[in-house]
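Before any comments, here is the structure.
The values are calculated or read from the model by the stated rules, or taken from the named source; none is laboratory data. Computed from a predicted structure; not experimentally measured. Cβ: placed from backbone, ideal geometry, glycine included. Neighbour counts: every protein chain shown. Ligands, DNA and RNA are stripped out before the accessible areas are found, and what is left, the full protein with its side chains, is counted by its heavy atoms. Shrake-Rupley method; radii C 1.70, N 1.55, O 1.52, S 1.80 Å.
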Amino acid sequence: MKRKWMLPAAAVALSLVTTLVVIGYLQSLRKGVTRGAPVKTEAVVFAKRSIAQRQIIGADALEMRQVPLGAVHPQAVRRIENAANRVAVAPIFADEQVLLPKLAPVGLTAGLSYVLPKGKRAMTIAVNEVVGVAGFVVPGDRVDVVATVNVKDESFTKVVLQDVEVLALAQNVEQKPGEKPRVTTSATLALTPEQTEVLAQTDTSGKVRLVLRPYGVSDVVPTPGQSVETAMGRT
């Protein structure tokens, strides 16, 4: 009889010992993970909110954050004073590391020459608020330029430039002797050297208007142009 109950008892004891051994092993693994080497971090400058291109960066828009070494950008700014009061030459988004290439050199103001795309030139033209869309265009928008000129004593209108970036807009008050003051708007566009020639010639020879393009649309559509006769459907 003793032999009959000794075998089950031995099996139970063995299973308990095995369970304890497994539990002890798992706990040792958990402690090993917990006691692993801490992740090394470095403090870098982040943008607390979005900073627009050509904007002077205030110290209140920046903060220091700890970042794992592997996630630190090689050109990240390490001190707030190295970025504060400088001009952003490219947009800096909220929660983004502030990078040195996005900052104008120390002491330089927010001039267009530091944000002008490579290969482009900045050219300013007057835009009539009544016949154009200057009141609805903001810097960063893309526009087409429509010119109306006289060709052999006949008025002719054509889209001369397409998908042009607007760099800046400005308003000036003009007043001639004996006339009431009027507000004129000027638009500064980013153009290739060849496009500056086209715009200068058409602006001198006639009138130009800006046509606002939808966001994200960059296709160029060939147009034949319109004379008075073709526009009225007479030919």
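Computed quantities for the displayed model
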quantity: Selection count where residues are crowded, with 17+ Cβ neighbours inside 10 Å and farther than 23 Å from residue 168 by Cβ, scope the range 48-75; calculated: 1
quantity: Single residue of 107, 111 found to be at pLDDT below 90, open to solvent by 30 Å² or more (accessible area, probe 1.4 Å) and not charged (D, E, K, R); calculated: 107
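Per-residue answers, yes or no, for (1) part of a strand (DSSP E or B); (2) modelled with pLDDT of 80 or more; (3) aromatic (Phe, Trp, Tyr):
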{"position": "119", "(1), (2), (3)": "no, yes, no"}
{"position": "123", "(1), (2), (3)": "yes, yes, no"}
{"position": "126", "(1), (2), (3)": "yes, yes, no"}
{"position": "130", "(1), (2), (3)": "no, no, no"}
{"position": "148", "(1), (2), (3)": "yes, yes, no"}
{"position": "163", "(1), (2), (3)": "yes, yes, no"}
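Residue-by-condition table, conditions (1) in contact with a strand residue (DSSP E or B) (Cβ under 6 Å, 6 or more places away or on another chain); (2) open to solvent by 40 Å² or more (accessible area, probe 1.4 Å); (3) at pLDDT below 90; (4) not aromatic (Phe, Trp, Tyr):
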{"position": "151", "(1), (2), (3), (4)": "no, yes, yes, yes"}
{"position": "160", "(1), (2), (3), (4)": "yes, yes, no, yes"}
{"position": "172", "(1), (2), (3), (4)": "yes, yes, yes, yes"}
{"position": "176", "(1), (2), (3), (4)": "no, yes, yes, yes"}
{"position": "185", "(1), (2), (3), (4)": "yes, no, yes, yes"}
{"position": "194", "(1), (2), (3), (4)": "no, yes, no, yes"}
{"position": "201", "(1), (2), (3), (4)": "no, yes, no, yes"}
